[in-house]
Amino acid sequence: MHDPVMAKQGNKYYLFSTGPGITFYSSSDMLHWKPEGRVFPGQPAWAKGAAPTFDDHIWAPDIQYHDGRYLLYYSVSGFGKNTSGIGVTSNATLDPRSPDYRWQDQGMVLQSVPGRDLWNAIDANVVEDERGTGWMSFGSFWSGIKLVKLDPTWTKLAEPQEWHTVARRERPAFTPDEQAGPAEIEGPFIFKKNGWYYLFVSWGKCCQGPNSTYHVVVGRSRAATGPYLDRLGKDMAQGGGSLVIQGDRDWKALGHNSAYTFDGKDWLVLHAYETADKYKQKLKVLEMKWDAQGWPTVEQKDLSRYQSVQLP
């Protein structure tokens with residue numbers, strides 16, 4: 001399980017993950033998960049054109065409900081390159097047993113091109129502002145996390161286009177534009193709570209087994225477009241970010257989180273590598289609480305308390 005996102009329809013939870021065709025699961029308790037196959041039986045028609053090395057692994061989904069249908073955003077890319085694109089597919093239901101179940105790909109929303117763009121079109125997440133406008137955050141390495149305004153369908157960019165940089169880390173001068181560089185930031189997710197927009201991002205390196213340094217930081221803003229400030233008041237666009245959770249001896253590579261309110265409780269959803277299981281990536285669902293200053297907190301011990309089960 002990499003890059004988990006979740007939605008609830010009726011009394012069922014649906015979990016989507018990076019994997020062949022986007023792997024997904026269903027559950028009635030957020031603990032026991034039934035594999036439901038893949039969203040794309042084949043490849044998105046546009047994938048190879050945007051990312052010639054695309055190998056059927058679709059990255060970093062994001063699930064949203066808008067105007068009576070579900071929108072599933074996804075990314076195609078070459079590892080370590082910004083030869084990338086973000087697409088979206090839609091469905092009337094998430095229940096694969098419903099007669100109305102049918103994913104309809106809406107195509108590419110956004111593309112990054114090496115040498116042209118100093119940003120990477122992966123890791124999309126959409127948030128709705130107080131006016132009902134959709135904003136898509138995205139990005140990995142390069143010049144950090146971008147935010148772009150969507151049109152009313154949430155399947156295309158709004159025109160005229162409106163862009164913001166909401167988070168980044170230092171990128172050394174003269175780093176070649178085609179290289180990711182050491183500015184380790186990706187996986188944005190914006191969560192609304194009590195009049196604040198909380199921007200979670202992952203810092204560090206994923207996918208390196210015991211050498212992974214992935215961890216989650218956060219900032220907040222009164223506006224979807226930022227600026228997002230950390231606990232010390234530092235702008236995330238200037239390198240700010242307050243720690244939410246990081247790895248320990250038993251769990252590495254904590255990150256690429258999402259966040260939700262289900263049945264009156266707030267949840268932080270992420271993946272972590274289990275040291276005792278040869279650093280296999282596993283789902284973690286942690287209850288998220290709020291301190292006296294309104295910042296999100298999770299219990300480190302919950303990493304071991306939460307043990308999901310894959311059903312046959």
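The values are calculated or read from the model by the stated rules, or taken from the named source; none is laboratory data. Since we're looking at a predicted model, the values are computed, not measured. Cβ atoms come from the backbone with ideal geometry, glycine included; neighbour counts cover every protein chain shown. The accessibility values were calculated without ligands, DNA or RNA, using every heavy atom of the protein model including side chains. Shrake-Rupley method; radii C 1.70, N 1.55, O 1.52, S 1.80 Å.
Things to note:
- Reported count of residues in the stretch 159-169, each being open to solvent by 70 Å² or more (accessible area, probe 1.4 Å) and either hydroxyl-bearing (Ser, Thr, Tyr) or within 10 Å of Ala237 (Cα to Cα) (or both), is 2.
- Pairs linking a residue in the stretch 187-208 that is more than 17 Å from Asp129 (Cβ to Cβ) to a residue that is surrounded by fewer than 22 Cβ atoms within 10 Å (Cβ to Cβ) and β-branched (Val, Ile, Thr), with Cβ atoms under 8 Å and 6 or more positions apart or on different chains, are Trp203/Thr213; Gly204/Thr213; Lys205/Thr213.
- Residue check, Gln104 in contact with a strand residue (DSSP E or B) (Cβ under 7 Å, 6 or more places away or on another chain) and either among the acidic types (Asp, Glu) or open to solvent by 50 Å² or more (accessible area, probe 1.4 Å) (or both): yes
- Per-region count, the stretch 178-188, residues open to solvent by less than 10 Å² (accessible area, probe 1.4 Å), out of contact with any His (no Cβ under 7 Å at 6 or more places or on another chain) and either within 16 Å of Asn125 (Cβ to Cβ) or of a type in the set (Lys, Arg) (or both): 2
- The stretch 258-287 residues that are closer than 20 Å to Ala60 by Cβ and open to solvent by less than 50 Å² (accessible area, probe 1.4 Å), paired with ones that are in a strand (DSSP E or B) and among the hydroxyl-bearing types (Ser, Thr, Tyr) (beta carbon under 7 Å, 6 or more apart): Trp267/Tyr260; Val269/Ser258; Val269/Tyr260
- Here is the figure for the stretch 67-82: residues that are modelled with pLDDT of 95 or more and either under 15 Å from the mean Cα position of the chain (by Cα) or in a loop (DSSP other than H, G, I, E, B) (or both) total 8.
- For the stretch 86-100, the condition of being more than 19 Å from the chain's Cα centre (by Cα) and surrounded by 18 or more Cβ atoms within 10 Å (Cβ to Cβ) holds for at least one residue.
- For the stretch 243-259, a residue qualifies if it is part of a strand (DSSP E or B) and under 23 Å from Gln208 (Cα atoms), and the qualifying residues are Leu243, Val244, Ile245, Trp251, Lys252, Ala253, Leu254, Gly255, His256, Asn257, Ser258.
- Each residue in the stretch 169-226 was checked for being hydroxyl-bearing (Ser, Thr, Tyr) and either in a loop (DSSP other than H, G, I, E, B) or touching a Cys at 6+ places or on another chain (Cβ under 7 Å) (or both), and 5 pass.
- Scanning the stretch 227-242 turns up no residue that is of a type in the set (Ser, Thr, Tyr), buried (at least 21 other Cβ atoms within 10 Å of the Cβ) and free of Cβ contacts under 8 Å to residues at least 60 places away in the same chain.
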